[in-house]
Amino acid sequence: MKYAKTIIKRNEKTVIKVRLDDECKNGHEDFSLTADIYEKTDRGWRESGGGCCHEHILSLAPEFKPFADLHLSTYEGIPMHAAANAWYWFQGAFPECADHSDNLGACHGGTGSGAKSTEECKRIFSEHIRATPAQVEEIAKRLPRSQVELQHALESLGFPGQWKAEAQRAIAILETLSGDKFATQSTRRTWVPLTAEQGALIEERRASGYYLPENVAKRDAEKRQQQKAKKIAAIEGDFKRSVAKLEKNKQVALYFVNHDLDGANVIFYDHTNEIAFNWSSCSKLWTLDEFEKFKGSAVMDELPENVTFKWQERPRY
């Protein structure tokens, strides 16, 4: 469904456009409220702005507010990336609920170079899920510590039903304005409800004190210690592998010197554990007989384990 309304005020013309369709071809219909703004010149109307300039639109036509509220929401009223975006801004609004278990810290609307204040994050969070201040505080009381837990709070407080009712009211208005009847052709949903098992687990945890601040802090500290131990083990493992590689290269290099192979068109590839003959076109080539003679007399005890020899008639490059 689409509807457009033109409003001319002095030397400015605004074409307000409302739509509910799958213009983005993403499998579901979305609400959209935008405008094209023109200014009057000696040569006629010239485009001067536009887009989702909702403040401008509502200053001219406040009756379009339901569509401004639902901008980019689905035909069921579900906000764009509802749970993920909500969690991002919720953590910025309520840092005490943010996931600080990672050594890098939580990443949300209140962090980074573009960090917003807690009040600004709360405003964006509230607008995103279209919640009242009382609803926001009720969500915060539940102390969600993950996106799943926040989604459970939204579901248990009836937000999907609230969103759908708002969308149905907007659809009714748009049907009246456009004269069309809306029939969804959606092929996918953007909000997948939590399973009964997920909901039961979260409720069980709430009842057991799992989300109490002291218990959360204890789990976060334990997770940080586990991550620290894992990183230390990785550093130690890298160091040991590096030392072993250097030792192997040293052993082969000494073998080359002691057996007059240094600079004799022989190279050691430590990643394959292979000593290759005739790898370079800048040195004398080994004949197959010379290679076989050397190979038969090689003192393997002086070389690293599992070293192999390879001969090629000419260098590959």
Tell me, ILE37, ILE275 in order of fewest to most beta-carbon neighbours within 10 Å?
-> ILE37, ILE275
For the chain, max minus min Cα coordinate along each principal axis, in Å, sorted largest first?
-> 96, 67, 37
Violations at 25 Å Cα threshold for listed pairs LYS116/LYS228; LYS25/LYS181; LYS122/LYS228 -> LYS116/LYS228; LYS122/LYS228
Return the sequence-ordered ³J(HN,Hα) values of the range 148-159 in whole Hz as given by the Karplus equation 6.51 cos²θ - 1.76 cosθ + 1.60 applied to θ = phi - 60°, using x for Gly and Pro.
-> 5, 5, 5, 4, 4, 5, 5, 5, 5, 8, x, 5
So THR287 and PHE239, fully extended at 0.36 nm per residue minus their Cα-Cα distance, gain in nm 13.3 nm
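Once you sort the root eigenvalues of the Cα gyration tensor of the range 157-274 as a ≥ b ≥ c, which label holds: rounded (a/c under 1.5), prolate (a/b larger than b/c) or oblate (the other case)?
Values: a/c = 6.34, a/b = 2.23, b/c = 2.84.
Taking the square roots of the gyration eigenvalues as a ≥ b ≥ c, the range 157-274 is oblate.
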Going residue by residue through the range 228-238, the Karplus relation 6.51 cos²θ - 1.76 cosθ + 1.60 with θ = phi - 60° gives ³J(HN,Hα) values, rounded to whole Hz and with x marking Gly or Pro, of 5, 5, 5, 5, 4, 4, 5, 5, 4, x, 4
Could you check the simple spin-label distance between ARG188 and ILE232, using points 7 Å along Cα→Cβ, in nm with one decimal?
-> 4.5
Compactness of the range 212-317 - radius of gyration and Dmax, Cα, Å = 23.0, 78
In whole angstrom, note down how far apart the Cα centers of the range 41-71 and the range 286-306 are.
-> 83
Using Cα-only point scatterers and the Debye equation, what is log10 of I(q)/I(0) for the range 83-153 at each q in 0.12, 0.18, 0.20, 0.21 Å⁻¹, rounded to two decimals?
-> -0.26, -0.59, -0.74, -0.81
For the chain, which longest stretch is free of loop sites, where a loop site is one of the GluC sites (Glu not before Pro) that DSSP puts outside H, G, I, E and B and that has at most 15 other Cβ atoms within 10 Å?
-> 24-304
Hull surface over four for the Cα convex hull of the range 29-163, reported in nm², is 10.8
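What percent does the relative contact order of the chain come to when contacts are Cα pairs within less than 8 Å and at least six residues apart?
Computed over the chain, the figure is 13 percent.
Read-outs: derived from the displayed coordinates by stated rules, not from any lab. Since this is a predicted model, take the numbers as computed values, not measurements. Heads up, the Cβs are rebuilt from the backbone with ideal geometry, glycines too, and the neighbour counts pull from every protein chain shown.
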